[in-house]
Amino acid sequence: MSEHSRAQEQPDPTASAATAAAGEETGPTPELVIISGMSGAGRSTAAKCLEDLGWFVVDNLPPSLIPTMVDLGARSQGNVARIAVVVDVRGRSFFDSLRESLADLDAKSVTRRIVFLEASDNALVQRFESVRRPHPLQGDGRIVDGIAAERDLLRELRGDADLVIDTSNLNVHELRAKMDAQFTSGDEPELRATVMSFGYKYGLPVDADHVVDCRFLPNPHWVPELRPFTGTSEEVAGYVFDQPGAKEFLERYADLLHLVAAGYRREGKRYVTIAVGCTGGKHRSVAVSERLAKVLAAEGIETVVVHRDMGRE
């Protein structure tokens, strides 16, 4: 089924434009999600996931029309309570228009979130080559030229995003699971945190808001009886937190995150990714991530633990 046919099956807020102009009453302002990111990173999959969750999804809507869409949704008698808009790269003037629209929405106190889909250059090149399609910005150049141009164009929007999802190592089902976890209806927590362990030898997570290094702790890898285990085991976790400074480090970092979380709530930021690294992402970072997640959850922060590199070696 095409994007257009799916949209036609949903209540169409634009159909009420004439009656709205004639003085139709305005209801609650719809919740708004703007989906953007790198071409090939999974914007369409993210949009389809929200559509399946009951959102009214509009693909490639000109940014200048986003405030109008929200206004029309407010006049839909509650039929359009949640709107998701997919915006992609169209040129510099396109994103100048997006910034103006965001400023308009903020002035009207519209609840809106930006979801940014990210992926590594290698992953994006492989995806474009697999479907034998050019990058929309490569022109007469190579795919990597188009990717570089797009990254530069999207840099500011990525910095403003409420949620960044790196899809480099995700399949379609894993991306849908991440979207489901963030947008499934229910009591909305004030802040959601993802605590991710990783190994520095595999590179920094590109979607991390905070990165903390626990390589100052002795490595259980060099303890023969602990080497086969991971940081999820009691043996390794006990070893890690018996080291000088380990418990104090966790307590002080948790205090810092408590301060940061309060600021995020005040600023309306609802998602944060905390990356905890060690050499291989198997022992220390895993143990610290597990313990840190429990501390955050005890403070009322909805927390998910992801061990990015555990099992890679």
Determine whether Thr111 is among the hydroxyl-bearing types (Ser, Thr, Tyr), within 16 Å of Gly40 (Cβ to Cβ) and touching a Leu at 6+ places or on another chain (Cβ under 8 Å).
no
Among the residues of the range 242-254, which ones are of a type in the set (Gly, Ala, Ser) and free of Cβ contacts under 8 Å to residues at least 12 places away in the same chain?
none
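Does any residue of the range 246-258 turn out to be modelled with pLDDT under 90, under 20 Å from the mean Cα position of the chain (by Cα) and either part of a helix (DSSP H, G or I) or under 23 Å from Leu163 (Cα atoms) (or both)?
No.
Could you check the range 219-241 and list, in sequence order, the residues that are part of a loop (DSSP other than H, G, I, E, B) and either surrounded by 11 or more Cβ atoms within 10 Å (Cβ to Cβ) or in contact (Cβ under 8 Å) with a residue 40 or more places away in the chain (or both)? Working first, answer last.
Applying the first criterion (part of a loop (DSSP other than H, G, I, E, B)) to the range 219-241 yields 219, 223-233.
Asn219, Val223, Leu226, Arg227, Phe229, Thr230, Gly231, Thr232, Ser233 - these are the residues of the range 219-241 that are part of a loop (DSSP other than H, G, I, E, B) and either surrounded by 11 or more Cβ atoms within 10 Å (Cβ to Cβ) or in contact (Cβ under 8 Å) with a residue 40 or more places away in the chain (or both).
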Sort through Glu100, Glu174 and tell me the only one that's under 19 Å from Thr45 (Cβ atoms), among the charged types (D, E, K, R) and either touching an Asp or Glu at 6+ places or on another chain (Cβ under 6 Å) or at pLDDT below 90 (or both).
Glu174
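Mind telling me which of the residues Val89, Val115, Val144, Val85 ends up being open to solvent by less than 30 Å² (accessible area, probe 1.4 Å) and more than 26 Å from Val272 (Cβ to Cβ)?
The match here is Val89.
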Which residues, counting only those in the range 56-81, are modelled with pLDDT under 90 and under 21 Å from the mean Cα position of the chain (by Cα)?
Asp59, Asn60, Leu61, Pro63
Flag if Asp106 is exposed (fewer than 14 other Cβ atoms within 10 Å of the Cβ), free of Cβ contacts under 8 Å to residues at least 24 places away in the same chain and at negative phi:
yes
Scanning the range 116-138 for residues that are among the hydroxyl-bearing types (Ser, Thr, Tyr) and over 20 Å from the mean Cα position of the chain (by Cα) gives Ser130
State which residue pairs qualify: first residue open to solvent by 10 Å² or more (accessible area, probe 1.4 Å) and inside the range 26-44, second residue hydrophobic (A, V, I, L, M, F, W, C) and in a loop (DSSP other than H, G, I, E, B) in any location, beta carbons under 6 Å apart, and separation of 6 or more residues or different chains.
Thr29/Val110
Name the single residue that is most open to solvent (accessible area, probe 1.4 Å) among those in the range 260-294 being among the hydroxyl-bearing types (Ser, Thr, Tyr) and assigned to a helix (DSSP H, G or I).
Tyr264
Selection count, the range 55-67, where residues are out of contact with any strand residue (DSSP E or B) (no Cβ under 7 Å at 6 or more places or on another chain) and surrounded by fewer than 17 Cβ atoms within 10 Å (Cβ to Cβ)
3
I need every pair where a residue in the range 292-310 that is more than 18 Å from His258 (Cα to Cα) has its Cβ under 6 Å from the Cβ of a residue that is open to solvent by 50 Å² or more (accessible area, probe 1.4 Å) and assigned to a helix (DSSP H, G or I), sequence separation at least 6 or different chains.
Asp309/Tyr202
Phe198 passes all but one of (1) surrounded by 13 or more Cβ atoms within 10 Å (Cβ to Cβ); (2) without any contact (Cβ under 8 Å) to a residue 12 or more places away in the chain; which number fails?
(2)
Determine, yes or no, whether Ala193 is without any contact (Cβ under 8 Å) to a residue 24 or more places away in the chain, open to solvent by less than 60 Å² (accessible area, probe 1.4 Å) and either outside any loop (DSSP other than H, G, I, E, B) or of a type outside the set (A, V, I, L, M) (or both).
no
For the range 170-187, indicate whether the set of residues that are without any contact (Cβ under 8 Å) to a residue 60 or more places away in the chain, in a helix (DSSP H, G or I) and farther than 25 Å from Tyr264 by Cβ is non-empty.
yes
Where the second residue is hydroxyl-bearing (Ser, Thr, Tyr) and the first is assigned to a loop (DSSP other than H, G, I, E, B) and lies in the range 130-155, which pairs have Cβ atoms under 7 Å and are six or more apart or on separate chains?
His135/Ser39; Pro136/Ser39
Give the residue, chosen from Ser39, Ser16, Ser93, Ser44, that is farther than 21 Å from Asp180 by Cβ and modelled with pLDDT of 80 or more.
Ser39
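The values are calculated or read from the model by the stated rules, or taken from the named source; none is laboratory data. Worth saying up front: this structure is predicted, and the values here are computed from it rather than measured. Every residue, glycine as well, gets a Cβ built from its backbone with ideal geometry; the counts of neighbours run over all protein chains shown. Heavy atoms of the whole protein, side chains included, go into the accessibility calculation; ligands, DNA and RNA do not. Shrake-Rupley method; radii C 1.70, N 1.55, O 1.52, S 1.80 Å.
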